[in-house]
């Protein structure tokens, strides 16, 4: 899941809530500092290019043979291509990460 901190529809709190309550084995949240609702995906900025690159990296890892754990997803996403992108996982030291 990805969400911008400046989403004009106010989706940041909702996205965090969905992430926190989702009961799935593997999950990551990409928070984009200053990101809006759509421009952070389709814009021409370096940040938008980094969001697109992170999306591809996530899909490559998640859809690979056997899937991926949250820890594997995080390792495939970090370091991000832009300092404004923050990767969060549900791992919190869990052994499966």
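Bear in mind these aren't lab numbers, they're just calculated from the coordinates by the rules spelled out. If you're wondering where the values come from, they're calculated on a predicted model, not measured in any experiment. When we count neighbours, we look across all protein chains shown, and the Cβ atoms used for this are built from the backbone with ideal geometry, even at glycine.
Among beta bridges from DSSP that stay inside the chain, the antiparallel ones total about 60%.
Once the C-beta distance of residue 16 and residue 62 is scaled by a Förster radius of 22 Å, the resulting FRET efficiency is 0.65 to the nearest 0.05. With axes computed from alpha carbons, what is the tilt in degrees of helix 11-21 against the longest principal axis of the chain, rounded to the nearest 10 within 0 to 90? Roughly 10 degrees between the two axes. According to the square roots a ≥ b ≥ c of the eigenvalues of the Cα gyration tensor, what is the shape class of the chain, taking rounded for a/c under 1.5, prolate for a/b larger than b/c otherwise, and oblate for the remainder? Oblate shape, in that a/c is at least 1.5 and b/c is the bigger or equal ratio. Using the rule -39500 (n - 2.57) for each DSSP H run of four or more residues, divided by the residues of the chain, the 222 nm mean residue ellipticity is -12000 deg cm²/dmol.
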